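**Student:** Sharing a structure here in structure tokens format.
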Amino acid sequence: MDGMLSQDEINALLSGMSTEDNEPTQSVVEPGAADESLLSDVEKDAIGEVANISMGTSATTMYSLVNRKTNITTPVVELSNWQTVLDAYEKPCVFILIKYTAGLDGSNILVLKENDVKVITDLMMGGDGTNTEGEIGDLHLSAISEAMNQMMGASATSLSTMLGTMIDISPPDARLTDLSEVEDGSAIADFLGGTFVKITFRMQIDELVDSSLMQLYPVDFAKKLVETFMDNQMGAGGGGDAAAPAPAPAPAPAPAPAPAPAPAPAPAAAAPMPDQPMAPPPGMPAMDPNQAAMPGYGMPPQGMPYQMPPGGMPYPMPGYGMPQMAPGINVQPAQFQNFSSGYGAVPGQENIDLIMDVPLGVTVELGRTTKLISEILDFAPGTIIELDKIAGEPVDVLVNGKFVARGEVVVIEESFGVRVSEIVK
């Protein structure tokens, strides 16, 4: 029996192994993980789609600011908590708080790494992106705030198109934050104290930056964003069906059938008679003598017109208000007016056709400002000029220097454009 284990010893060993196997399972569950049930997979996909489109627009704006090829792609949507952010991001980093002032009710936070902010700031100031020495100061925060303001302004315009409503934002608030000193995320924003939506993008700026950009949403805001996006997509799909009946009434009001009474020449000839009451005798050879007395002065108020139609309808009808003749009277002057207007419009139309190929200069004016000569002499690469219009305000469209319309700035692939929202008459 030497070297053999008794049954009690075997049971004790198996019991010990079972205890060891259970301990790791409990340790995995213990950490406070984010509640993944707050968002469904469909909602995450919708958030990712919205984020991808809006950040793609922001990348184009960033390109115009730093004059370097910029890509912001590959959004990864997940639910997170403050501890996850502490573990995943460098310390310190820059938090940029952006609040929506129109179209959406809520806020979101962009998180950039310290070195990325330095590179972007140096490029905006006309550098080559390599001057990243020293600590982040007010100049860096001001520059990155302006960059994020323009980027999120472009993103808001893109959201306006996707959600079918006007979206506007407040000026961003940028601050340098040492995450190691912030134990509770609610000290930065209330929603960071619990579970929130984290979207991680890959950000590339030429060969200088290959990093990540993080965007944080409250869960309620993300759900509302998805709901609005879905409703707009469904509305756009059903809009065609809803609009289809609209053209149906259009042919109805057009009085196309009205010319039907016009082919009868007799009513047309009789129409002028009411204007000259003395004319009936020449035009009455085929009528009864009783009808000849009808057009006498002061006689029409009597009930005779309603008794005479069997004898001859053409003449009594123009008399005081037989309703059946009113359409014939209305048709005749309408035809005359249309003929006159058409005759007069022919030369004008020909003149317009002659100048259709003349090119006109179209200018989009973002805004204006006035500077002193001394300020203008101080202009240098990287100088920021503040205009008299706020972000999101419609821009002016000028044709040959004449103000003709207002519109919203949009991005078409890698070019800017303007969607006309109002024609100025």
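**Student:** Length gain on complete extension for the stretch V399 to M230, per 0.36 nm per residue less the alpha carbon to alpha carbon distance?
**Tutor:** Working: separation 169, 0.36 × 169 = 60.84 nm, distance 3.82 nm.
Difference between extended and current length: 57.0 nm.
**Student:** Would you mind computing, in nm to one decimal, how far apart the modelled labels at R419 and S374 are, each placed 7 Å from Cα along Cα→Cβ?
**Tutor:** Computed distance between label sites R419 and S374 equals 4.5 nm.
**Student:** Moving on. Please arrange T165, T70 by counting, for each residue, the other beta carbons lying within 10 Å of its beta carbon, fewest first. Could you put the intermediate results ahead of the total?
**Tutor:** Working: T165 13, T70 22.
With the sparsest Cβ surroundings first, the list reads T165, T70.
**Student:** Which residue, L39, G137, G56, has the largest displacement toward the positive end of the dipole of the range 38-231 when charges sit on each Cβ (Lys, Arg +1; Asp, Glu -1)?
**Tutor:** G56
**Student:** Then there's this: Determine, for L123, L366, the number of other Cβ atoms within 10 Å of each Cβ, and report the residues in order from fewest to most.
**Tutor:** Details: L123 26, L366 12.
Neighbour counts put them in this order, fewest first: L366, L123.
**Student:** Oh, and also: Could you line up T74, T121, T132 from fewest to most neighbouring Cβ atoms inside 10 Å?
**Tutor:** Details: T74 13, T121 25, T132 16.
Lowest count first: T74, T132, T121.
**Student:** Still on this structure, please answer the following. Given 10 Å bins starting at zero, what is the percent of C-alpha pairs of the range 38-231 in each, up to the one with the largest pair distance?
**Tutor:** For the range 38-231, the binned pair fractions read 9, 38, 38, 14, 1 percent.
**Student:** Using the C-alpha atoms of the range 139-182, what convex hull volume per residue, in cubic angstrom, is computed?
**Tutor:** On the way: hull volume 3.8 nm³, N = 44.
Spelled out: Cα convex hull of the range 139-182, divided by residues, is 87 Å³.
**Student:** Which ³J(HN,Hα) values in Hz, rounded to whole numbers, follow from the phi angles of the range 142-149 under the Karplus curve 6.51 cos²θ - 1.76 cosθ + 1.60, where θ = phi - 60° and Gly and Pro get x?
**Tutor:** Values per residue, Gly and Pro as x: 5, 5, 5, 5, 5, 4, 5, 4 Hz.
**Student:** Let me know the charge dipole size of the range 361-423 about its Cα centre in debye, to the nearest 20, where only the beta-carbon of Lys, Arg (+1) and Asp, Glu (-1) is charged. Don't skip to the end; give the middle numbers.
**Tutor:** Values: 6 positive and 11 negative charges, 47 e Å.
Roughly 220 debye for the range 361-423.
**Student:** Another one. What's the extension gain from E183 to N131 if we count 0.36 nm per residue and subtract their Cα-Cα distance?
**Tutor:** Numbers: separation 52, 0.36 × 52 = 18.72 nm, distance 3.19 nm.
Stretched out fully, the E183 to N131 stretch lengthens by 15.5 nm.
**Student:** Another one. Report the gain in length on full extension from K99 to N67: 0.36 nm times residue separation, minus Cα-Cα distance, nm rounded to one decimal. The partial results should precede the final answer.
**Tutor:** On the way: separation 32, 0.36 × 32 = 11.52 nm, distance 2.73 nm.
Difference between extended and current length: 8.8 nm.
**Student:** Now a separate question. Each label point is 7 Å from the Cα along the Cα-to-Cβ direction; what then is the distance between the points at S37 and I385, in nm?
**Tutor:** 5.9
**Student:** Name the lysines eligible as straight-distance cross-link partners of K44: C-alpha to C-alpha under 26 Å, and not fewer than 8 places from it in the same chain.
**Tutor:** Straight-distance partners of K44: K99, K113, K198, K223, K224.
**Student:** Express the Stokes-Einstein translational diffusion coefficient of the range 361-423 in µm² s⁻¹, to the nearest whole number, given a Kirkwood radius over alpha-carbon pairs, 10 °C and a viscosity of 1.306 mPa s. Please list the in-between numbers first.
**Tutor:** Values: Rh = 13.5 Å.
After rounding, the answer is 118 µm²/s.
Readers should treat all values here as calculations from the given coordinates under stated rules, not as data from a laboratory. The structure presented is a predicted model; accordingly, all values stated were derived computationally and were not measured. When we count neighbours, we look across all protein chains shown, and the Cβ atoms used for this are built from the backbone with ideal geometry, even at glycine.
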